[in-house]
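Worksheet: the structure to be examined is printed underneath.
Every number here is computed from the coordinates shown, using simple stated rules; none is lab data. This structure is a prediction, so every number in the text was calculated from the model and none was measured.
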Amino acid sequence: MASKDFYSSGKVPGQAQIRRDESTDQGQATNLIQETGTQVKNMAQGATQGAANVAHVAANMAQGAAHGAVNVAHGAAQGVANVAHGAANMAQGVAQGATQGASNVAHGAANMAQNTAEAVKNTLGINHPIGTASTNNITEGGSRI
């Protein structure tokens, strides 16, 4: 009957046995639940803080990208303004060059006309030897004009 007592006690040969102490088990379970809850709370707070940090970094990146885009747009606008200013300066230079060129052509034409007139006078013999014309020297067909 010794074997009957052995099996009735709930003991199984070859298995580790745990002693049950109701008061100790209750306190340990309460501590385990509290510690687990504290750890879960700490993990949740860490995850929340991590998410907040990620959101903050994302906001800073977005702000940096926006500032970069503004700077690029400003640079492009300044470049366009510089090209327009350069084109206006070129147009002004072309206009001044054309005006000066026309003036030079007109001056050259006047010089050519004067030189042609001098050549005609010299051919007709109406130029004064000192370089001044005299109406007394003009003759036509042998008579004075």
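Observations, loosely collected:
- The percentage of C-alpha pairs in region 27-104 whose separation is greater than 14 Å is 80%.
- Volume of the convex hull of region 67-119 (Cα atoms only), normalised per residue: 30 Å³.
- Estimated translational D of region 54-95 in µm²/s (Stokes, Kirkwood radius over Cα pairs; 20 °C; 1.002 mPa s): 171
- Extension gain, Asn60 to Thr38, is 4.7 nm, computed as 0.36 nm per intervening residue step minus the present C-alpha separation.
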